[in-house]
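Here is the structure we will look at, set down as structure tokens.
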Amino acid sequence: MNPTGRPRDESAPQRVGAEGRPVSHAEIVAVAGPVLRARASGAFALREAVEVGDHALLGEVVKLDGDEIVVQVYEDTAGLRPGVAVEGSGAPLSVPLGPGLLGRMFDGLLRPLVRGETPFVRPGMRRAAGEVFAFTPLARPGDELPAGAIFGEAAREGLPAQACLLPPTAGGTVVSIAPGGALADTAVACTLRDASGAERGVAMRHAWPVRTPRPVLARRVPDAPLITGQRVLDTLFPVARGGKAAIPGGFGTGKTVLLEALAKGCDADVIVYLGCGERGNEMAGVLAEFPELVDPRTGRALMERTVVIANTSNMPVSAREASIYSAATVAEYFRDQGLHVALMADSTSRWAEALREVSGRFGELPGEGGYPAYLASRIAEFYERAAIADTLCGRVGSVTVIGAISPPSGDFSEPVTSHTKRYVKAFWALDVQRAQARFYPAIHPLQSYAEDAAAFAPWWTSHGNSRWLELRRRFLTLLDEQARLERMARIVGKDALPARQQLALTCADVLNEAFLRQSAFSPVDRRCGPARQGAMMRVTARFLDLAQAAVEAGVAPERIPRLDAYRPLLRMGEEIGEDELERFDALEAALEREFAALVGGAPPAGA
Amino acid sequence: MLVTVEHAAARLEGPLMFLRRTVDAGLGDAVEVHSPSGPPRLGRVAALDTKHMTIEVLESTAGLDLGRSVVRFFGEPLAFGLSGGVLGRVFNGVGEPVDGGPPIAAAQRHAVDGLPLNPVERANPRDFIETGVTAIDLLNSLVRGQKLPLFSAGGLPHDRLAVAIATHARLRDAEPGAFAIVFAGIGVPWESAEYFRASLARSGALARTALFLNLASDSSTQRLLTPRFALTAAEYLAYVEGKHVLAILTDMTNYCEALREVSSSKGEVPSRKGFPGAMYSDLATLYERAGIVHGHPGSLTQLPILTMPADDIGHPIPDLTGYITEGQIVLSRELDRRGVDPPIDVLPSLSRLMKDGVGGRFTHADHPALASQLYAAYARAVQARVLASVVGADGLAETDRRYLAFGDAFEGTLVRQEEPRTLEESMAAGWRLLRDLPRAELARLSDAQIAAHLSEA
Ligand SMILES: Nc1ncnc2c1ncn2[C@@H]1O[C@H](COP(=O)(O)OP(=O)(O)OP(=O)(O)O)[C@@H](O)[C@H]1O
Ligand SMILES: [Mg+2]
């Protein structure tokens, strides 16, 4: 039965799908790196999950060849040798989805990363054991439940309840359902009878194959922005709820900090944060920081709405390739409960490189940049998992995908960036120059774009900012003009520019410093809600108007930065908090007063 | 388990030796290949099938033959026997003492490849280390457990800077703690290794240093093992002996060159500039061995040094390193030429962990704002310089002219230093520079900060 001689982990979810087909065995005949060949004594399916050897290393069948199978192992294969047993699971590589995900950290195959007797990750980690939740049934015997319906609620001690979903493949008449009370998430909570009369028990937790997108009833066209709390994004380059965005940038330009700022400040219900081939300290940082931070919308700890999936750069590369699918599957699971999910992937380049490495190992013909020819379609498939949709349970949920890209030498013409660009709607290009000047977020206003922006004007209007679209255009035009004028100034000198153009440069400075710059570490400014953002847009625009009128009235542009209100204007983001919006009115009034004095000819003090 | 196999070698090709499978070895098990033509060579089992074994010889295979080669199997992956006694000792690139002293009486054996640290076990590095170098302490602070490389280039004084950091580094108002240095010389010239040894000896640090030397004249394939032996010792000292370890790895460019050489001799498909596609992951298995672990008193801070080929920061070696490490300190040939010592190019330099190690709890409440303002102003100064180079300083606006002067002072008096400075001295120098800029330009400082530090005294 069990040639490894190890007690089987009954909760191992990849066995849940093992319906009908007996589990097969095989024996290693050759092994090199993370790939092995084994002689099979039963039927294996392509992409079937397997366990290898005494430590039950997780692997996936990647090739069938006569009576031999080729297996890619997701863990360190040291010590394996011919003769070691390989055990089939009868199901494709799957991850367990249930109420135990929120607030925890997992590896790329969704096995919990918890403190243990050694600080190191050893091969052969186990799946999450069953965890007990307070279960509340939301269905009664006799009820007809469609596949994917909500049949109950589960809550961890002191935490909000989460919906319990039937698997998307299971529906029918409720035969019995567990009463309210403590229940393990692996125990049968509800028994259903389907149309054919077959009965099936489902638990609060179910397995789902990672490479298969979870089904929805119908997709919707995104029409509302995901509010990120970052001005440069929400105002200039918004992403839709259910949309997709990419953040390319060389090392140290601010991808991770921006993703983390979004994870903290965006108005999603659930954050799935994937650290894919990045630093262990960054993952530890999320774990240390998020429990301390408060979700501005619910007042609860941010960690409670977060799932962290970590395959750090020193963890096995083969699992890196799978980790992105694990993350997408988890995100879809929460979407299916009618929640709005933001999936942050840092970095998709490491995933693509893992794909390249795995492909190279199988001797596939390398294409552009050494990547396999199917790179573009894999990137497309991943971003397509972003959607806003009517879910099987009858609610509306969404997954917004935001992926970082780490282009070699920061060159955006490389394959991963250029293919991603074809599939995302929002492109947030990070700029080395800005990053080096410590101007954050270092988003380049001319290289970045947001295709859907115009569609969000109604949303902003209904949230009290009817000038959003107009001001956005105005800001973008000004930034464009700045680039042009700076090129010119480089040739003729700034002093030689006409007053109007010198003014435009000053205005662009103000727009950058006062509005676009936003430190992720400033206690006041790390997040900017729509109301404060609207007020700051208004004050900035007011300054542009006043300055223009002043220069038209003959005021020399260089006198403008000497106004008393100039520094407070540049610093308004850091000085004026979310609940002091009236101070923006005062600032606006001060600007008006001082400009009036300037134009009125009263020579300002000290001039 | 020690098994010796004779007469099993069937083929030798580059670094690979193909044997008939006559022992039950596991993948990755360490071996030693003995041959009458030289000292034993380390290797590992790289592939296995029912009939054959492939041994990857981790040192030069020159002089090996099929008939007389004897392979010893260790029955475990390559490991290093360690004890606190490694301090004060000198080893070759594979952990064998070369100082004439006795062998290390091993208290524990650790696999040299190490294991990935579980991220949940990592504690956040936050203890500010004062190095005495203003461009680091004030602008790109180093903290315990960080990996912060020096991006240098041939002929620049990176060795001197590394020694200065290693010998000066101290924690502010905290217990000094047990401090240790692990130095890995990877393909370095003898003079360079000797410079480190002599400097550490002069400062009295040699007794708490373990030196691992793979000199330029040593086997290049062995270079892949040198940082692994060194970091295994460093991890042992940090997590078992509870010491605060500073690991200096130099020169990582030689390491990467060796990686490229071995990869191509194995016939792997090359990636950028002929370096293997897996170089990112390979480097990560070294750099990620820096850190601090919950419940362990020690820490492992890494200061790798690399020389940028053709001074190009976009070259795969600095590029991939920058993507893994927690910042970088970049040295500039231009500053060096102008006599700015240390020639640290501040704009491309970065310490990502700085935000966790500075501010009121660690250094000074206004330290982050000061650093940010200095950066913003220096970036403007560099821009103004570009403008001035075309239209001349006279074509500049008044403000830009002041930035021009600021830039020169920044390099000449802040970056450049003759003596180590305390953080207070560095900060004072920073505030002094900002006095000469118009207040309206100082948008990164609050009114209170301006009043406290910039009001004319
Ligand atoms: N929005 C921000 N606010 C304040 N500081 C920032 C911001 N973004 C980036 N930084 C600074 O820049 C540093 C580098 O940022 P980050 O680690 O996000 O870079 P990255 O693009 O993820 O680099 P890599 O590709 O190497 O992971 C941070 O440590 C921080 O000091
Ligand atoms: Mg990052």
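Data for the structure
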{"read-out": "In region A:252-262, residue farthest from ligand 1 (Cβ to nearest atom) [restricted to those that are buried (at least 24 other Cβ atoms within 10 Å of the Cβ) and among the hydrophobic types (A, V, I, L, M, F, W, C)]", "value": "A:Leu262"}
{"read-out": "Selection within region B:240-275 - farther than 27 Å from B:Ala106 by Cβ and among the basic types (Lys, Arg)", "value": "B:Arg260, B:Lys266, B:Arg272, B:Lys273"}
{"read-out": "Residues of region B:323-362 that turn out to be charged (D, E, K, R), touching a residue at least 12 places away in the same chain (Cβ under 8 Å) and either away from ligand 1 (no atom under 14 Å from the Cβ) or part of a loop (DSSP other than H, G, I, E, B) (or both), as a count", "value": "7"}
{"read-out": "Test: residue in region A:207-220 that is more than 26 Å from A:Ala154 (Cβ to Cβ), touching a helix residue (DSSP H, G or I) at 6+ places or on another chain (Cβ under 8 Å), more than 14 Å from every other protein chain (Cβ to nearest Cβ) and away from ligand 1 (no atom under 16 Å from the Cβ)", "value": "yes"}
{"read-out": "A:Ala284 vs. criteria within 16 Å of ligand 2 (Cβ to nearest atom) and either without any contact (Cβ under 8 Å) to a residue 40 or more places away in the chain or part of a strand (DSSP E or B) (or both)", "value": "yes"}
{"read-out": "Verdict on A:Ile150 being touching a residue at least 24 places away in the same chain (Cβ under 8 Å) and under 31 Å from the mean Cα position of the chain (by Cα)", "value": "yes"}
{"read-out": "Residue check for A:Ala240: under 15 Å from the mean Cα position of the chain (by Cα), away from ligand 2 (no atom under 16 Å from the Cβ) and farther than 22 Å from A:Val416 by Cβ", "value": "yes"}
{"read-out": "Filter pass, B:His34 being touching a residue at least 12 places away in the same chain (Cβ under 8 Å), of a type outside the set (S, T, N, Q) and more than 15 Å from A:Ala32 (Cα to Cα)", "value": "yes"}
{"read-out": "Filter result for the condition that a residue is over 20 Å from B:Leu320 (Cα atoms), more than 9 Å from chain B (Cβ to nearest Cβ), under 11 Å from the mean Cα position of the chain (by Cα) and assigned to a helix (DSSP H, G or I), over A:Ala263, A:Ala246", "value": "A:Ala263"}
{"read-out": "Residue under evaluation A:Arg526, criteria (1) under 26 Å from A:Gly464 (Cβ atoms); (2) in a helix (DSSP H, G or I), criterion not met", "value": "(2)"}
{"read-out": "Output for region A:54-64, where each listed residue is within 14 Å of chain B (Cβ to nearest Cβ) and either of a type in the set (Asp, Glu) or over 18 Å from A:Val317 (Cα atoms) (or both)", "value": "A:Asp54, A:His55"}
{"read-out": "Given (1) within 12 Å of chain B (Cβ to nearest Cβ); (2) buried (at least 24 other Cβ atoms within 10 Å of the Cβ); (3) in a loop (DSSP other than H, G, I, E, B), number of the condition A:Gly275 does not satisfy", "value": "(3)"}
{"read-out": "Test for B:Leu331: is it more than 14 Å from chain A (Cβ to nearest Cβ) and among the hydrophobic types (A, V, I, L, M, F, W, C)", "value": "yes"}
{"read-out": "Strands (runs of 3 or more DSSP E) within region B:58-177 that include 2 or more residues more than 14 Å from every other protein chain (Cβ to nearest Cβ)", "value": "B:70-77, B:79-82, B:90-92, B:128-130, B:150-152"}
{"read-out": "Scope region A:536-575; condition outside any helix (DSSP H, G or I), farther than 14 Å from A:Ala504 by Cα and within 14 Å of chain B (Cβ to nearest Cβ); matching residues", "value": "A:Leu563, A:Asp564, A:Ala565, A:Arg571"}
{"read-out": "Whichever residue in region A:368-410 is without any contact (Cβ under 8 Å) to a residue 40 or more places away in the chain and assigned to a loop (DSSP other than H, G, I, E, B) and, among such residues, is farthest from ligand 2 (Cβ to nearest atom)", "value": "A:Ala373"}
{"read-out": "Out of B:Gly88, B:Gly84, sole residue that is out of contact with any helix residue (DSSP H, G or I) (no Cβ under 7 Å at 6 or more places or on another chain), surrounded by fewer than 24 Cβ atoms within 10 Å (Cβ to Cβ) and closer than 18 Å to B:Val245 by Cα", "value": "B:Gly84"}
{"read-out": "Residues (within 8 Å of another protein chain (Cβ to nearest Cβ), more than 12 Å from ligand 1 (Cβ to nearest atom) and within 17 Å of the chain's Cα centre (by Cα)) located in region A:284-300", "value": "A:Leu287"}
{"read-out": "Considering residues of region A:218-236 that are farther than 24 Å from A:Gly397 by Cβ and touching a strand residue (DSSP E or B) at 6+ places or on another chain (Cβ under 8 Å) only, the residue nearest to ligand 2 (Cβ to nearest atom)", "value": "A:Val232"}
{"read-out": "Residue that is farthest from A:Arg350 (Cα to Cα) [pool: residues in region B:306-322 that are more than 13 Å from ligand 1 (Cβ to nearest atom) and without any contact (Cβ under 8 Å) to a residue 60 or more places away in the chain]", "value": "B:Ala310"}
{"read-out": "Selection from region A:411-467 of residues that are part of a loop (DSSP other than H, G, I, E, B), within 22 Å of A:Met537 (Cα to Cα), more than 16 Å from ligand 2 (Cβ to nearest atom) and among the small types (Gly, Ala, Ser)", "value": "A:Ser448, A:Gly464, A:Ser466"}
{"read-out": "Residue match in region A:443-462 (condition: hydroxyl-bearing (Ser, Thr, Tyr) and surrounded by 15 or more Cβ atoms within 10 Å (Cβ to Cβ))", "value": "yes"}
{"read-out": "Cβ pairs under 8 Å, 6+ apart, first in region A:27-43 and more than 8 Å from every other protein chain (Cβ to nearest Cβ), second hydroxyl-bearing (Ser, Thr, Tyr) and surrounded by fewer than 17 Cβ atoms within 10 Å (Cβ to Cβ)", "value": "A:Glu27/A:Ser41"}
{"read-out": "Test: A:Glu357 is of a type in the set (Asp, Glu), within 16 Å of ligand 1 (Cβ to nearest atom) and modelled with pLDDT under 95", "value": "no"}
{"read-out": "Total residues in region A:93-145, condition closer than 19 Å to A:Asn311 by Cβ, of a type in the set (Phe, Trp, Tyr) and more than 14 Å from chain B (Cβ to nearest Cβ)", "value": "0"}
{"read-out": "Residues that are free of Cβ contacts under 8 Å to residues at least 60 places away in the same chain, within 12 Å of another protein chain (Cβ to nearest Cβ) and either in contact with a helix residue (DSSP H, G or I) (Cβ under 8 Å, 6 or more places away or on another chain) or part of a helix (DSSP H, G or I) (or both), drawn from region A:322-367", "value": "A:Leu355, A:Arg356, A:Glu357, A:Ser359, A:Gly360, A:Pro366, A:Gly367"}
{"read-out": "Qualifying helices (runs of 4 or more DSSP H) (wholly inside region B:188-306; at least 1 residues being within 14 Å of another protein chain (Cβ to nearest Cβ))", "value": "B:226-235, B:252-265, B:279-287"}
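The values are calculated or read from the model by the stated rules, or taken from the named source; none is laboratory data. Predicted model only: the values in this text are computed from it and were never measured. Counting neighbours? That spans all protein chains shown, and the Cβs are built from the backbone with ideal geometry, glycine included.
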